[in-house]
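K.L.:
Pasting a structure below so you can have a look.
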Amino acid sequence: MTVESKTVGPIKLFHQRQAQWYWKPSVNISPISEQKEQVQKQEQEQEQAQEQKQEQEQEQVQEQKQEQEQEQWTKFSDIQSNIIEEAFNENPTPILVTLDHFTIDLKNSAAISKRGNNQKMQIKRIPIDQNQNTPLRKERFSLPLQINKPFNEWTSGGYWFIHQWKEKQQYISYTDIVEQAANGIVLEGEHENEPSEARYIAKQLRNVQNTAEIDIHECSIKLYTFDSFLYRLVNKTLRDNDKTKIDTLGPGCQ
C-alpha cells in the first residue's frame with residue numbers, strides 16, 4: 001500500500017482543557033427538614049447540657065452528609081465534558097446540550113437522564129489547574145487483566161489488525177485514511193449506543209485531515225487516551241482478535 005503524506009507545518013491540535021464537568025443525583029430535602037423538626041422538639045424538652053450535646057452531634061452529622069455529597073459527584077467522561085464545555089464557552093445564552101445518555105440544561109445547571117425515568121441531576125463545573133498533574137484513571141490503569149484473555153503473541157501492538165487492513169488497500173492518502181477512520185468510529189459509536197461521543201471523535205479527526213502525518217498521529221493518540229467508548233472497544237477488539245472490526249477500526253489503528 002502506498003500512502004501519500006503531507007508536509008503542512010505543525011499546528012495546535014488541542015486546546016488545554018479549562019474545566020471538568022460533574023453530575024450527581026438531586027438531593028431530596030424533605031428528610032432533612034423532618035430531622036430538623038425532631039431536633040427542635042428534643043431541644044425544647046431537654047436541659048441545656050443535653051442541648052449542647054445534640055448540637056455537637058448535629059454538626060457531626062452535617063459534616064458527614066457534606067462529605068457524602070462530595071463523594072457522590074461523578075465525572076462526565078472526557079469527551080462528554082469537552083462537549084459541555086464547548087457549548088458553555090461558545091453560547092452566551094445557556095442552551096440544552098444533547099449527550100448520549102443525558103440532556104444538559106446549562107441554564108438550570110441540571111442534567112436529565114435519557115434512561116426512561118427522566119431523572120434530574122445536578123451538574124457543576126470545576127476549573128482545571130493546569131499546573132496540577134492529572135491522576136491516572138483507576139478504572140483504566142489499575143484493574144487487573146483477565147489472564148484467560150491475553151493479547152495473542154502475533155498481535156504485538158495490534159500488528160495483525162493493521163496488517164490485515166492494509167492488505168485491503170492499494171493507493172490511499174492520509175486524507176482518505178482519516179475519513180475512513182472517522183466513518184468507522186461513527187458506525188461503531190452507533191452500535192455501542194455512544195453516537196455523540198463517536199461524532200465528537202470523528203470531528204476532531206477531520207479537523208486534522210489535511211495536515212501533516214505527524215499531526216494526524218498525534219491527534220489519533222490523544223483521542224485514544226480520552227476516557228470514552230473508543231479505547232475500551234479498541235482494547236477489546238485487539239484482545240479478542242475480532243477481525244469483524246478491521247474495516248471500521250483498522251484505519252484509526254494504523
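K.L.:
Pull out the extension gain between I221 and N193, defined as 0.36 nm times the separation in residues minus the alpha carbon to alpha carbon distance; nm, one decimal. Please list the in-between numbers first.
P.N.:
Working: separation 28, 0.36 × 28 = 10.08 nm, distance 2.27 nm.
Once the chain is fully extended between I221 and N193, it gains 7.8 nm.
K.L.:
Need the full-extension length gain, Q169 to T103, defined as separation in residues times 0.36 nm minus the C-alpha distance. One decimal, nm.
P.N.:
On the way: separation 66, 0.36 × 66 = 23.76 nm, distance 4.04 nm.
19.7 nm is the gain from fully extending Q169 to T103.
K.L.:
Something else now. Based on the Cβ-Cβ distance from N210 to S26, what FRET efficiency comes out when R0 is 35 Å, to the nearest 0.05?
P.N.:
Values: r = 46 Å, r/R0 = 1.30.
In this case the efficiency is close to 0.15.
K.L.:
Per the Cauchy relation, a quarter of the hull surface: what is the mean projected area of the convex hull of the alpha carbons in the stretch 69-128, in nm²?
P.N.:
Working: hull surface 17.9 nm².
Mean projected area of the Cα convex hull: 4.5 nm².
K.L.:
Given that compact globular proteins tend to follow 2.2 N^0.38 Å, what is the ratio of the alpha-carbon Rg of the stretch 194-254 to that value?
P.N.:
Working: Rg = 11.8 Å, N = 61, 2.2 N^0.38 = 10.5 Å.
Normalised Cα radius of gyration, the stretch 194-254: 1.12.
K.L.:
Once you've got the Cα coordinates, tell me which of K114/K168; K222/K243; K203/K236; K107/K222; K120/K222; K168/K203 are over 29 Å apart.
P.N.:
Values: K114/K168 40 Å; K222/K243 24 Å; K203/K236 23 Å; K107/K222 31 Å; K120/K222 32 Å; K168/K203 25 Å.
Cα-Cα > 29 Å for K114/K168; K107/K222; K120/K222; rest within.
K.L.:
Take T74 and N118, extend 7 Å from each Cα along the Cα→Cβ direction, and tell me the distance between the two endpoints in nm.
P.N.:
Going by the 7 Å Cα→Cβ label model, 2.1 nm.
K.L.:
Next question. Given R₀ = 45 Å, what would the calculated FRET efficiency be for Q18 paired with N183, taking r from the Cβ atoms and rounding to 0.05?
P.N.:
About 0.90, to the nearest 0.05.
K.L.:
Could you please report the charge total around G250, scoring K, R as +1 and D, E as -1 over all other residues with beta-carbon less than 14 angstrom from its beta-carbon?
P.N.:
Details: positive: K166, K168, K243, K245; negative: E167, D176, E179, E188, D242, D247.
Net of charged neighbours comes to -2.
K.L.:
Accessible area per residue of the stretch 199-254 at 1.4 Å probe, in Å²? The partial results should precede the final answer.
P.N.:
Details: 2540 Å² over 56 residues.
Here the per-residue accessible area is 45 Å².
The values are calculated or read from the model by the stated rules, or taken from the named source; none is laboratory data. Because the structure is predicted, anything quoted here is derived from the model rather than measured. FYI the Cβ positions are ideal-geometry reconstructions off the backbone, even for glycines, and counts take in every protein chain you see. Quick note on the areas: whole protein, heavy atoms, side chains included, nothing else; ligands and nucleic acids left out. Shrake-Rupley method; radii C 1.70, N 1.55, O 1.52, S 1.80 Å.
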